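Scroll down for the structure; my scribbles are underneath it.
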Amino acid sequence: MEEEVAVIGAGTAGLIAARELGRAGIRALVYDQKKVLGHPVRASGIVSLRGLDSLGVDYRKAVTNTLYGARLHAGKSTMRIESGTPVAHVLERQRLNELCREQAERAGATVITQRRITPERLDTINRGGSIIIGADGAVSTVAAHFRMGPLADYVITYKAEFHVRLDDARNVDLFFDREYRGLFGWLCPNSDEILEAGIGVRHGRMNARRAFDRFMERREVAEAVGNARMHSGQASIIPMRLRRRIVDEKRKVLLVGDAAGQVKPSTGGGIVFGGNGAIMAARAIQGHLERGKSLMEYETSYKKRFAADTRVHSMINKLYTRSGTKGMELGIRIMNAIGMASLLGKYGDMDSPTKTMMNVFSGKQRVTE
Ligand SMILES: Cc1cc2nc3c(=O)[nH]c(=O)nc-3n(C[C@H](O)[C@H](O)[C@H](O)COP(=O)(O)OP(=O)(O)OC[C@H]3O[C@@H](n4cnc5c(N)ncnc54)[C@H](O)[C@@H]3O)c2cc1C
């Protein structure tokens, strides 16, 4: 079958791009190497309500829990950012993928599984004149083959689940410690019976599995997990920086999602940034095919919308990574003293620090469902 656009990778970003292309009447073929999309689940699924709305995915059937806030821990300090209303949903990732696939297919896209795209196949697609979307994750064959810049900065993660009965399934706990430098350790109630524990460490710093085992020895973590047996342990990778180029105009190649590095470096969350990147890429392709517009419009519009927020997310990551445990402990004490937790609870926007600042200054409280 001849495609106008070949989407490599059927994660959320690739499938959202294919859905948008299908709705615009553009023939999109999505290839994925996996037999069962989204399996095994290597990532978590905490997504802000506002971010979810921006993706246009009917995600409700994938929701396993709703979060109202977060507790940040460093040394002996804790900051509780709690909101009276829902802030984020926890999504079952494989189910989310299925829902995205259903939407893409309903829009007219074709999804082909168990098809690994090799560099040779990319050359063939390229010679055939099709546009290529690289949605093939952090270790992107498309980005490497078309030399779109290295994966300059990334963290290695390890996470697992535990069956426990949770009294409080409304908050996620984040642990800052120099041991898991690069990101943090987390305990997330995926439901009121499943607790997920995970860590992210900057590459080259420490073996992720070792850092995870040490995390599990922490008093708070050991108490939360008790004697529950660990299952679904998975290592993975999160890109922490946008690639040097996300468009190759001449060869008609665009990168979206983790392949592009569309992640917020403060938390490693990429579903919202990557999904919005995918929507923008599809719009640029539509403009190119219908009106001869430059594909670079995608890179320009993505940076216009997300560059400022990404910079602030990056600064937050640097701040907690470089502060070490003692620095973060002091930082949390200072933030508690100036009432930061209550400000964030009222005005915070998980995805957009710039919007958070605007909300604080204008006195506009976060609106949720
Ligand atoms: C531990 C962890 C926790 C996370 N927690 C969150 C969170 O709470 N909230 C959030 O928003 N984000 C989170 N993220 C990030 C989020 O998971 C990613 O940003 C998101 O999954 C990226 O989607 P994607 O579609 O770009 O890539 P992927 O989901 O990686 O999909 C890429 C697809 O491409 C396919 N593929 C790869 N190479 C080829 C090839 N050569 N040929 C064919 N197919 C190929 C793969 O099989 C895969 O299906 C987390 C990540 C990790 C690792």
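Only one residue in S232, S266 is more than 9 Å from the ligand (Cβ to nearest atom), in contact with a helix residue (DSSP H, G or I) (Cβ under 6 Å, 6 or more places away or on another chain) and either of a type outside the set (A, V, I, L, M) or assigned to a strand (DSSP E or B) (or both). Which one? Steps first, please.
On the way: S232 fails: in contact with a helix residue (DSSP H, G or I) (Cβ under 6 Å, 6 or more places away or on another chain).
Result: S266 is the single residue among S232, S266 that is more than 9 Å from the ligand (Cβ to nearest atom), in contact with a helix residue (DSSP H, G or I) (Cβ under 6 Å, 6 or more places away or on another chain) and either of a type outside the set (A, V, I, L, M) or assigned to a strand (DSSP E or B) (or both).
Mind listing whichever residues of segment 276-299 are in a helix (DSSP H, G or I), more than 13 Å from I133 (Cβ to Cβ) and among the small types (G, A, S)?
Hit for segment 276-299 is G287, nothing else.
Quick test of your reading of the structure: G108 fulfils all but one of (1) in a loop (DSSP other than H, G, I, E, B); (2) at negative phi. Name the failing condition by number.
Only one criterion in (1) in a loop (DSSP other than H, G, I, E, B); (2) at negative phi is unmet by G108, namely (2).
Considering (1) on the phi < 0 side of the Ramachandran plot; (2) not in a helix (DSSP H, G or I), say which one G204 fails and leave the rest.
Exception for G204: condition (1).
Quick test of your reading of the structure: A18 fulfils all but one of (1) without any contact (Cβ under 8 Å) to a residue 24 or more places away in the chain; (2) closer than 19 Å to A109 by Cβ; (3) not polar (S, T, N, Q). Name the failing condition by number.
Condition not satisfied by A18: (1).
Determine which member of the set G25, G38 is at pLDDT below 95 and either surrounded by fewer than 20 Cβ atoms within 10 Å (Cβ to Cβ) or not in a helix (DSSP H, G or I) (or both).
Values: G25 fails: at pLDDT below 95.
Exactly one residue qualifies, and that residue is G38.
Of everything in segment 341-362, what is assigned to a helix (DSSP H, G or I) and either at pLDDT 90 or above or touching a strand residue (DSSP E or B) at 6+ places or on another chain (Cβ under 7 Å) (or both)? Give them in sequence order. I'd like the intermediate steps shown before the answer.
Quick first cut of segment 341-362, residues assigned to a helix (DSSP H, G or I) only: 341-347, 353-362.
A341, L344, G345, listed by residue number.
Any residue in segment 278-289 that is under 30 Å from R127 (Cα atoms), within 12 Å of the chain's Cα centre (by Cα), surrounded by 19 or more Cβ atoms within 10 Å (Cβ to Cβ) and of a type outside the set (V, I, T)? Talk me through it step by step, then tell me what you get.
At the first step, the residues of segment 278-289 found to be under 30 Å from R127 (Cα atoms) are 278-289.
The next check asks that each one be within 12 Å of the chain's Cα centre (by Cα); those that pass are none.
Scanning segment 278-289 turns up no residue that is under 30 Å from R127 (Cα atoms), within 12 Å of the chain's Cα centre (by Cα), surrounded by 19 or more Cβ atoms within 10 Å (Cβ to Cβ) and of a type outside the set (V, I, T).
Got a sec? Which of A62, A88, A17, A43 is within 14 Å of the ligand (Cβ to nearest atom), in contact with a strand residue (DSSP E or B) (Cβ under 8 Å, 6 or more places away or on another chain) and modelled with pLDDT under 95?
Working: A62 fails: modelled with pLDDT under 95; A88 fails: modelled with pLDDT under 95; A17 fails: modelled with pLDDT under 95.
Going through A62, A88, A17, A43 in turn, the sole match is A43.
What's the total number of residues in segment 74-90 that are buried (at least 18 other Cβ atoms within 10 Å of the Cβ), touching a residue at least 60 places away in the same chain (Cβ under 8 Å) and either hydrophobic (A, V, I, L, M, F, W, C) or outside any loop (DSSP other than H, G, I, E, B) (or both)?
Within segment 74-90, the subset buried (at least 18 other Cβ atoms within 10 Å of the Cβ) is 74, 77, 79, 81, 83, 87-90.
Remaining after also requiring touching a residue at least 60 places away in the same chain (Cβ under 8 Å): 74, 77, 79, 81, 83, 87-88, 90.
If we keep only those that are either hydrophobic (A, V, I, L, M, F, W, C) or outside any loop (DSSP other than H, G, I, E, B) (or both) as well, we get 74, 77, 79, 81, 87-88, 90.
Number of matching residues: 7.
Hey, could you check segment 198-229 for residues that are aliphatic (A, V, I, L, M), out of contact with any Phe, Trp or Tyr (no Cβ under 7 Å at 6 or more places or on another chain) and closer than 27 Å to P265 by Cβ and say which is farthest from the ligand (Cβ to nearest atom)? Reasoning before the result, please.
First, the residues of segment 198-229 that are aliphatic (A, V, I, L, M): 199, 201, 206, 208, 211, 216, 221-222, 224-225, 228.
Imposing the further condition that a residue be out of contact with any Phe, Trp or Tyr (no Cβ under 7 Å at 6 or more places or on another chain) reduces the set to 206, 216, 222, 224.
Filter again for closer than 27 Å to P265 by Cβ, leaving 206, 216, 224.
Working: M206: 16, M216: 15, A224: 18 Å.
The selected residue is A224.
Conditions tested, residue by residue: (1) within 20 Å of the chain's Cα centre (by Cα); (2) more than 24 Å from R229 (Cβ to Cβ); (3) near the ligand (Cβ under 9 Å from one of its atoms).
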{"site": "S130", "(1), (2), (3)": "no, yes, no"}
{"site": "H145", "(1), (2), (3)": "no, yes, no"}
{"site": "M148", "(1), (2), (3)": "no, yes, no"}
{"site": "L151", "(1), (2), (3)": "yes, yes, no"}
{"site": "D173", "(1), (2), (3)": "yes, no, no"}
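Among the residues of segment 290-313, write down those that are buried (at least 17 other Cβ atoms within 10 Å of the Cβ) and either closer than 18 Å to L174 by Cα or acidic (D, E) (or both).
Once the filter is applied, which keeps residues that are buried (at least 17 other Cβ atoms within 10 Å of the Cβ) and either closer than 18 Å to L174 by Cα or acidic (D, E) (or both), segment 290-313 yields E297, E299, D309, H313.
May I ask you to say which residue of R50, R95, R42, R60 is within 22 Å of P189 (Cα to Cα), free of Cβ contacts under 8 Å to residues at least 24 places away in the same chain and charged (D, E, K, R)? Don't jump to the end; show me each part of the working.
Working: R50 fails: free of Cβ contacts under 8 Å to residues at least 24 places away in the same chain; R95 fails: free of Cβ contacts under 8 Å to residues at least 24 places away in the same chain; R42 fails: free of Cβ contacts under 8 Å to residues at least 24 places away in the same chain.
Matching residue, one of R50, R95, R42, R60: R60.
In a helix (DSSP H, G or I) and either closer than 26 Å to R218 by Cβ or at pLDDT 95 or above (or both): is that true of R71 in this structure? Spell out the reasoning first.
Working: in a helix (DSSP H, G or I): no; either closer than 26 Å to R218 by Cβ or at pLDDT 95 or above (or both): yes.
Taking the combined requirement at face value, the residue does not satisfy it.
Applying the selection to segment 110-132, what residues are farther than 16 Å from L21 by Cβ and either basic (K, R) or surrounded by 20 or more Cβ atoms within 10 Å (Cβ to Cβ) (or both)?
R115, R116, I117, R121, L122, R127
Quick check: anything in segment 154-163 closer than 30 Å to D123 by Cα, out of contact with any Asp or Glu (no Cβ under 8 Å at 6 or more places or on another chain) and touching a residue at least 40 places away in the same chain (Cβ under 8 Å)? Spell out the reasoning first.
Filtering segment 154-163 for residues closer than 30 Å to D123 by Cα gives 154.
Checking the rest, the ones that are also out of contact with any Asp or Glu (no Cβ under 8 Å at 6 or more places or on another chain) come to 154.
Retained after the next criterion (residues that are touching a residue at least 40 places away in the same chain (Cβ under 8 Å)): 154.
Yes: one or more hits.
For residues that are within 11 Å of the ligand (Cβ to nearest atom) and surrounded by fewer than 21 Cβ atoms within 10 Å (Cβ to Cβ), tally how many sit in segment 153-167. Steps first, answer last, please.
So the first thing to find is which residues in segment 153-167 are within 11 Å of the ligand (Cβ to nearest atom), and the list is 154-160.
From what's left, surrounded by fewer than 21 Cβ atoms within 10 Å (Cβ to Cβ): 160.
Total satisfying the criteria: 1.
The values are calculated or read from the model by the stated rules, or taken from the named source; none is laboratory data. These figures come from a predicted structure and were not determined experimentally. Backbone-built Cβ (ideal geometry, glycine too); neighbour counts: all protein chains shown.
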